[in-house]
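The values are calculated or read from the model by the stated rules, or taken from the named source; none is laboratory data. Values in this document were obtained by computation on a predicted structure and should not be read as measured data. Quick reminder, even Gly has a Cβ in these numbers, built from the backbone with ideal geometry, and neighbours come from all protein chains shown. For accessibility, only protein heavy atoms count, side chains too; no ligands or nucleic acids. Shrake-Rupley method; radii C 1.70, N 1.55, O 1.52, S 1.80 Å.
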Amino acid sequence: MSKDHEKRLSAEKALAYVEKGSVVGVGTGSTVAFFIDGLADLRHDIEGAVSSSEQSTARLRALGIPVLDLNAVGTVPLYVDGADECDPGNRLIKGGGAALTREKIIAEAADRFVCVIDAAKQVDVLGRFPLPVEVVPMARSLVARALVGIGGQPVWREGVTTDNGNWILDVHHLRIVDPVGLEARINQIPGVVSVGLFARRAADEVIVAGQVRSVAM
Ligand code: 5RP
């Protein structure tokens, strides 16, 4: 089965979680694009969507799905998003699409976070995928030095500016055995806007190639 097919199956499965009359939190990426396409068929049954990126907003609007402001909505019953890596405890690396900060905000505001992935995203220990860190531009070097201090090798994602006007450092060569601890540590570096480790607020459910996975820990 191709990765794209697995992504599509996961996205389609997640559509079953959408409740009538509700607001749906929508992530970013190629897997979520399949979810948005499917959501279009349910657009008359939902109130609208809260979007995690300009990219997803454009796709939602093009398909006639109202995009709502999180401040007006408060909490969302369901958030559906992809991931770059997922460990057995449903902790994630996200941000390959540079949308990590808004994704993290919606995940926090969600009662239920359903992560949709293809099988290749599953790992025993997070860190093979370089960990994205969104930084205020003037703090890029300062944050990079601090990340070297914790054992990583940060690489500036040159040419990419996030929807929030910030930059991304991708941290290579991490073996993340304590995801909650590392998330807290990186969050404390001045200039860090957010880190693409979703450990304190992990996914509630993970759908892999259309199959709901049970949590191992
Ligand atoms: C964007 C993300 C995406 O969810 C992640 O990169 C996975 O993308 P895809 O579904 O295209 O594999 O975190 O910031």
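With contributions of -39500 (n - 2.57) from each DSSP H run of at least four residues, the per-residue ellipticity at 222 nm computed over the chain stands at -8500 deg cm²/dmol. Summing charges over neighbours of ASN166, with a neighbour being any other residue whose Cβ is under 12 Å away from its Cβ, gives +1 when K and R count +1 and D and E count -1. Over 15 Å apart: what share of the alpha carbon pairs of region 131-195 falls there, rounded to a whole percent? More than 15 Å apart: 43 percent of the Cα pairs in region 131-195. Taken about its Cα centre, the chain carries a charge dipole of about 420 debye when Lys and Arg each add +1 at the Cβ and Asp and Glu each add -1 at the Cβ.
Just the protein heavy atoms count here, and of the accessible area of region 155-217 at 1.4 Å, carbon and sulfur take up 51 percent. A straight line joining the Cα centroids of region 1-62 and region 113-178 runs 25 Å.
In the distance distribution for region 52-170, Cα-Cα pairs more than 17 Å apart total 63 percent.
Keeping all protein chains in place, calculate the accessible area per residue for the chain (probe 1.4 angstrom), answer in Å².
The answer is 45 Å² per residue.
Helix 30-39 and the longest principal axis of the Cα set of the chain meet at an angle near 20°. Which percent of the Cα-Cα distances in the chain go past 21 Å? Tail of the P(r) past 21 Å holds 51 percent of the pairs. Compute the long axis of helix 100-109 from its Cα atoms, compare it with the longest principal axis of the Cα atoms of the chain, and write down the angle in degrees, 0 to 90, nearest 10. It works out to around 60 degrees.
FRET efficiency for the pair GLN153 and SER30, taken as 1/(1 + (r/R0)^6) with r the Cβ-Cβ distance and R0 = 22 Å, rounds to 0.25. Label zone (ALA16, point 7 Å along Cα-to-C-beta; backbone nitrogen cut-off 19 Å) within region 57-83: 78-82. For the Cα atoms of the chain, what angle does the longest principal axis make with the long axis of helix 3-14, in degrees from 0 to 90, nearest 10? With both axes taken from Cα atoms, the answer is about 60 degrees.
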